[in-house]
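One structure is given here, and the rest of the page talks about it.
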Ligand SMILES: [Mg+2]
């Protein structure tokens, strides 16, 4: 008797869903027309020069890494990048990033691995902001000596959304691992800056040692994540503004990319 009822129910579900789908198609003769006539679906050749959307499209291409390796902000987009990095759009993007990361963190059973639940953070443009350097020297300007001097001065502020996320994760019991491409020679300045910006009680701060100098960030950071795993850490989350912070091997369960149209690090 029960099996007969199941067959009847299954028939009704199949019949009604098929009929419903067909009714939508048959009673909406304008559907096909509206799709094909919508300007979005008509192939448009948009000129690169003088295109109001070009810089936004370029930014999307670098954030998704469709652009791959790049060394310079297009000259026509320097003002756009400055406006983005010093304005509300950047702040809004960072807030959404932090919300996404926190939503995932809440799904993790932090007490499950006896104090070895880890979360990795990059530092520059992830915890600390170097926008002041670019405001001073000009967006698009990169000089390793000038940047090191800037970092030595330890004046970078925290990215507010990141600081909030950092504290939330800490309260949830995650061990916070700071993994940066900065040189070991910048350890004191980095620690001083982090503390002044409001960060504290990280599990460990990993910088590039002498043997890491020639490695790409992807290799260096992957090797360090693997070492963490060998020490028993489970890396649940990883936050970085560069794809090289996030990909490679020994990757986190979830990786969270912060925006950065200011520079690219391989
Ligand atoms: Mg960074």
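Just so it is clear, none of the values below were taken in a lab; they were calculated from the coordinates. Since the structure is predicted, the reported quantities are computational estimates derived from the model, not experimental observations. Don't worry about glycine lacking a Cβ; one is built from the backbone with ideal geometry, like all the others, and counts go over all protein chains shown.
What is the gain in length, in nm to one decimal, between residue 213 and residue 69 on full extension, counting 0.36 nm per residue of separation less the C-alpha to C-alpha distance? Write down the numbers at each step before the final one.
On the way: separation 144, 0.36 × 144 = 51.84 nm, distance 1.94 nm.
Extra length from residue 213 to residue 69 when fully extended: 49.9 nm.
Arranged from fewest to most other beta-carbon atoms within 10 Å of their beta carbon, 134, 54, 142 become 142, 54, 134. Taking other Cβ atoms within 10 Å as a rough exposure proxy, 120, 219 sort from fewest to most as 219, 120. Taking the convex hull of the alpha carbon positions in the stretch 78-201 and averaging its projected area over all directions gives 8.0 nm². Under the simplified labelling scheme, the residue 253-residue 76 pair shows an inter-label distance of 4.5 nm, with each label point 7 Å from Cα along Cα→Cβ. Using Cα centres only, tell me the gap between the stretch 173-224 and the stretch 71-141 in whole Å. About 16 Å separates the Cα centre of the stretch 173-224 from the one of the stretch 71-141.
Annotation: average projected area of the stretch 99-145 is 5.3 square nanometres, based on the convex hull of Cα atoms across all directions.
For the pair residue 231 and residue 183, label points projected 7 Å from Cα toward Cβ lie 2.4 nm apart.
Put in order of Cβ neighbour count within 10 Å, fewest first, the listed residues 176, 147, 127 become 147, 176, 127. For the stretch 54-257, the relative contact order is 24 percent, taking Cα pairs closer than 8 Å that sit 6 or more residues apart in sequence and dividing their mean separation by the residue count. Here r is the Cβ-Cβ distance between residue 192 and residue 146 and R0 is 25 Å; the resulting FRET efficiency, rounded to 0.05, is 0.85. To the nearest 0.05, how large is the calculated FRET efficiency for residue 89 and residue 136 if R₀ is 22 Å and r is the Cβ-Cβ distance? Computed FRET efficiency for residue 89 and residue 136 comes out at 0.55.
Stretching the chain fully between residue 104 and residue 171 yields a gain of 22.6 nm (0.36 nm per residue, less the alpha carbon separation).
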